[in-house]
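The values are calculated or read from the model by the stated rules, or taken from the named source; none is laboratory data. This is a predicted model, so every value here is computed, not measured. For neighbour counting, all protein chains shown are included, and Cβ atoms are generated from backbone atoms with ideal geometry for every residue, glycine included. The protein model used for the area step is the full one, side chains on, heavy atoms only, and it has no ligands, DNA or RNA in it. Shrake-Rupley method; radii C 1.70, N 1.55, O 1.52, S 1.80 Å.
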Amino acid sequence: MAGRIPEHALSILKDANLTVTVFDDSESLISKPELIDLIADKDFLITPLSTPVDAEVIDAAPNLKLIANYGAGFNNIDTEYARKKGIPVTNTPKVSTVSTAEVTCGLIISLAHRIVEGDQLMRSTGFNGWAPLFFLGTELKDKTLGIIGMGQIGQAVAKRMHAFDMNIIYTQRHQLDPETENKLGAKFVSQEELLKNADVISLHRPATPDSVHMIDTEQFKKMKSSAMFINAARGPLINEAALLQALKGQEIAGAALDVYEHEPEVDNGFKELKNVVLTPHIGNATTEARNAMAEIVATNTVKVSENQEPNYIVNADK
């Protein structure tokens, strides 16, 4: 293992009589040389999505039969090279849906009602008491939520925010079926229309080569000056320099970020703005989600050790 994960995974692996070596430095992520040394003679690699696994790393492990990524994403792994080497790469989809959707909704509510900003105020200067025009936020009722990417997480966000009486519009490659749209109160629109009309824009696309900087200067300029932008998906989907410029230029009203373009680095410009909420990639940071992820990677490892096909292969032959 390239990092510590819940004990539930170790129990499954040890019950299957597999010998487990864990990089156990709680202070830092594993370095590339350490990873290469760790997996040199190993059959399986369980790695967190924060650890890059490139061709050099893969070549350093001639016995490798599986790369089990502990995370829903897999852009940290050279999946195509692994496929050419006959090594399946798996991820942990679906089990993060509820947690990530809840965090996204929390960011939306916090931003609209200035909750984090209010907490910071109370921990510093405090306030002089209730006043009619003091510290006004905005209600979400009757506002329009635009969701870019209506997969499982996007739909879970739509379901929850529809209960707040928000109007839901969404865009993606393919329109949902009418029954699902009706259940979510969602309307399919073009990205152009979504950017123009949404009061809150929430990003839920996977990180792929063609989605890097899909939200850039041009897209921010199309948003309302009162719009709030949320990213709890993947950092590279947006050009953070463009977002920072849009915020400083008051082209949009605020932003909430749980992921970052150059994670774990965060541009200091965001830290200086009161209308920005920053959280440390906690989208699926719940006991329930992380234990479920641990079970998937451990079970897939056991399956491959028993010459069975693992679940959730992301680099299968096309």
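Descriptive notes on the structure:
- Single residue of ILE58, ILE39, ILE77 found to be within 19 Å of the chain's Cα centre (by Cα) and of a type outside the set (Ser, Thr, Tyr): ILE77
- Evaluation of ALA68 against the conditions (1) crowded, with 18+ Cβ neighbours inside 10 Å; (2) in a loop (DSSP other than H, G, I, E, B); (3) in contact (Cβ under 8 Å) with a residue 60 or more places away in the chain; (4) of a type in the set (A, V, I, L, M, F, W, C) shows that the sole unmet condition is (2).
- Subset of the stretch 129-148 [out of contact with any Phe, Trp or Tyr (no Cβ under 8 Å at 6 or more places or on another chain) and part of a loop (DSSP other than H, G, I, E, B)]: GLY129, TRP130, ALA131, PRO132, LEU133, LEU136, GLY137, THR138, GLU139, ASP142, LYS143
- Test for MET161: is it crowded, with 16+ Cβ neighbours inside 10 Å, over 18 Å from ALA227 (Cα atoms) and touching a residue at least 24 places away in the same chain (Cβ under 8 Å): no
- The stretch 134-147, residues that are crowded, with 24+ Cβ neighbours inside 10 Å, farther than 16 Å from GLY283 by Cβ and among the hydrophobic types (A, V, I, L, M, F, W, C): LEU145
- Scanning the stretch 278-289 for residues that are under 23 Å from ILE230 (Cα atoms) and open to solvent by 10 Å² or more (accessible area, probe 1.4 Å) returns LEU278, THR279, PRO280, HIS281, ILE282, ASN284, ALA285, THR286.
- Within the option set ALA198, ALA255, ALA292, being farther than 16 Å from ALA112 by Cα, at pLDDT 95 or above, open to solvent by less than 40 Å² (accessible area, probe 1.4 Å) and out of contact with any Lys or Arg (no Cβ under 7 Å at 6 or more places or on another chain) holds for one residue only, ALA292.
- Within the stretch 71-94, the set of residues being part of a loop (DSSP other than H, G, I, E, B), at pLDDT 95 or above and under 15 Å from ASN311 (Cα atoms) comprises ILE87, PRO88, ASN91, THR92.
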